[in-house]
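The values are calculated or read from the model by the stated rules, or taken from the named source; none is laboratory data. Everything quoted here is computed from the prediction, not taken from an experiment. Neighbour counts run over all protein chains shown; Cβ positions are idealised from the backbone, glycine included.
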Amino acid sequence: MLLVANGCSHTSGAEIEKHRNSECHEKAWPKHLADIWDCDHVNLSLCGGSNARVIRTTIEKIGELFNNNIHPKDIFVVILWPGPYRTELYEKKYQDHPTWKSWVPLVVGNDYTGDRSLNAQKYYKAWVTLYDSAWADTQNYIEVLSLQSYLKSWGINYFFYRASTTHLLSTNSFNSFEIQIDKKRFPGFKEEGKSYCEMLEYKGFKHAPYSKFAHYGEDGHEFFAKFLDWNVKNIYDL
């Protein structure tokens, strides 16, 4: 079996080793989960990653695995969803960027200046101005349902969880979307307290010594890997 993990900085292992370090895959929860399962893994996450990026890169990677004759039944996908207040913008000028590879991450609350083009800055400002909670909620449902449907269509086993409490959906009513979420495979989808960050805080884990952006240390990642293992084995016979 191959574990395919995706998400944002909480999946990439950001700041485990030093301040502003964007990743540390060897100490992040996907590596610990793969060790528990005694399997290979690939960590597709990116610091500042969005739901849109999760969908794009997960589908692309699965296609690559198919081209390498990896059967769907031998793939297991775990997504720690970043939430709806992020997106990405394609700019060909960044095709040689070592991590972006033309896809520039946009995150609400970040002030994009020198490292983004003028066009990207203008796009970001317009997007933030128009992006209200109803749009964000609708987009979030569509993104989760899209990847859920894609994985099920191929018979690929998966498990979803939320990264942070800041991405809780608003009180807007979206029952027609929500009824389609497979909550057995996405527990706590819209429940307060049911996210990676909230869980580790409740359990008393501290942020990594060098973290300035609320990232947890390797001990938190190890705990979360055990949590995922327990939940997944209650659903699937691995």
What number of residues in segment 117-140 are modelled with pLDDT of 85 or more and touching a strand residue (DSSP E or B) at 6+ places or on another chain (Cβ under 9 Å)? 7
In the set I70, I16, I62, I79, which member is touching a residue at least 40 places away in the same chain (Cβ under 8 Å) and part of a helix (DSSP H, G or I)? I62
Report, ordered by the first and then the second residue, all pairs with beta carbons closer than 7 Å, sequence separation of six or more or different chains, a first member in segment 27-39 that is in the same structural domain as N6 (by TED's automatic domain parsing), and a second member that is among the small types (G, A, S). K27/G13; A28/S12; A28/G13; W29/A225; P30/A5; H32/A225; L33/A225; I36/A225
Only one of (1) on the phi < 0 side of the Ramachandran plot; (2) surrounded by 13 or more Cβ atoms within 10 Å (Cβ to Cβ); (3) outside the structural domain of Y196 (by TED's automatic domain parsing) is not met by S102, so which one is it? (1)
How many residues does segment 120-141 contain that are assigned to a loop (DSSP other than H, G, I, E, B) and either closer than 15 Å to N110 by Cβ or in contact with a Leu (Cβ under 7 Å, 6 or more places away or on another chain) (or both)? 1
Mind telling me which of the residues I16, I59, I70 ends up being closer than 30 Å to W135 by Cβ and either modelled with pLDDT of 95 or more or of a type in the set (A, V, I, L, M) (or both)? I59
Which of the residues that make up segment 184-238 are among the hydroxyl-bearing types (S, T, Y) and either in a loop (DSSP other than H, G, I, E, B) or crowded, with 19+ Cβ neighbours inside 10 Å (or both)? S195, Y196, Y210, S211, Y216, Y236
If you check I181 against the conditions, is it within 18 Å of the chain's Cα centre (by Cα), part of a loop (DSSP other than H, G, I, E, B) and either over 21 Å from T58 (Cβ atoms) or in contact (Cβ under 8 Å) with a residue 12 or more places away in the chain (or both)? yes
